[in-house]
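Here's the structure we're looking at; comments come further down.
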Amino acid sequence: MAIITLSHFGNIDSEALEEYYDAEIEFHSTFIQVDLNFEKKSLDPERLDIVRRFIDNIRIHDLNNKKYIQKDFDDMGDTVPQYIDHHLAELALDDLENLIGTDRRSADKPDYLLEKLHLVRVGLYPDSKEQFAIFDYSIGRELTDYLLVVYTDENGNLEYLSMES
């Protein structure tokens, strides 16, 4: 039996895992949800140590994710421009002005809206073959159900981006 202590989750027994754990953590003057998801009842303790380091470095991963998001936006990729364009078209004018201000030139609105994206959730899947981490970003959960989602490996390297609801 190996007990690993994870920030915000406490002690976790690598031989008696539950399917789901969650915690709310303070992040940039707000709170985000962090959840752990396990397919199996046990996991190599070294793998849980990777989870511990990943959680302890969420701020660094967030900074890297914002670079991935900015690059997709600047390169006119498929995902980020679609997310921004969707919200510029669908948000009520009052909501948009409350979010980015009233004195913005039309050409600058996408940039200002992009600046409003913030992390709302981190999902970790340490024993999944599909992905290790999922980061959900939003311009405001009260404004939209759509998320800009960043999928990364255990080192925080980008796997792909998507827009989901």
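The values are calculated or read from the model by the stated rules, or taken from the named source; none is laboratory data. Given the structure is predicted, the values throughout are model-derived calculations rather than measurements. Methodologically, a virtual Cβ is constructed for each residue, glycine included, from the backbone with ideal geometry; neighbour enumeration extends over all protein chains shown. Each accessible area value is taken on the protein alone, full model and side chains, heavy atoms only, with ligands, DNA and RNA left out. Shrake-Rupley method; radii C 1.70, N 1.55, O 1.52, S 1.80 Å.
Quick check on E159: is it assigned to a loop (DSSP other than H, G, I, E, B) and either open to solvent by 60 Å² or more (accessible area, probe 1.4 Å) or over 30 Å from T5 (Cα atoms) (or both)? No; evaluated as a whole, the condition is false for this residue. Taking the condition touching a residue at least 12 places away in the same chain (Cβ under 8 Å) and within 21 Å of E39 (Cα to Cα), does S128 pass? For S128, the condition - touching a residue at least 12 places away in the same chain (Cβ under 8 Å) and within 21 Å of E39 (Cα to Cα) - is met. Restricting the stretch 1-14 to residues that are in contact with a helix residue (DSSP H, G or I) (Cβ under 6 Å, 6 or more places away or on another chain) and closer than 22 Å to Q131 by Cα leaves a set whose member that is surrounded by the most Cβ atoms within 10 Å (Cβ to Cβ) is L6. For the stretch 15-58, the candidate set comprises residues that are under 11 Å from G156 (Cβ atoms) and of a type outside the set (A, V, I, L, M, F, W, C); within that set, the residue that is surrounded by the fewest Cβ atoms within 10 Å (Cβ to Cβ) is R53. Scan the stretch 82-105 residue by residue and report those that are open to solvent by less than 90 Å² (accessible area, probe 1.4 Å) and either within 30 Å of N37 (Cα to Cα) or of a type in the set (S, T, N, Q) (or both). Result: Y83, I84. Exactly one residue out of D108, D145 is acidic (D, E), assigned to a helix (DSSP H, G or I) and either open to solvent by 10 Å² or more (accessible area, probe 1.4 Å) or at pLDDT 95 or above (or both), and it is D108.
Please find, within the stretch 111-140, the residue that is surrounded by the most Cβ atoms within 10 Å (Cβ to Cβ) out of those that are polar (S, T, N, Q) and either in contact with a strand residue (DSSP E or B) (Cβ under 7 Å, 6 or more places away or on another chain) or in a helix (DSSP H, G or I) (or both).
Among residues in the stretch 111-140 that are polar (S, T, N, Q) and either in contact with a strand residue (DSSP E or B) (Cβ under 7 Å, 6 or more places away or on another chain) or in a helix (DSSP H, G or I) (or both), the one surrounded by the most Cβ atoms within 10 Å (Cβ to Cβ) is S138.
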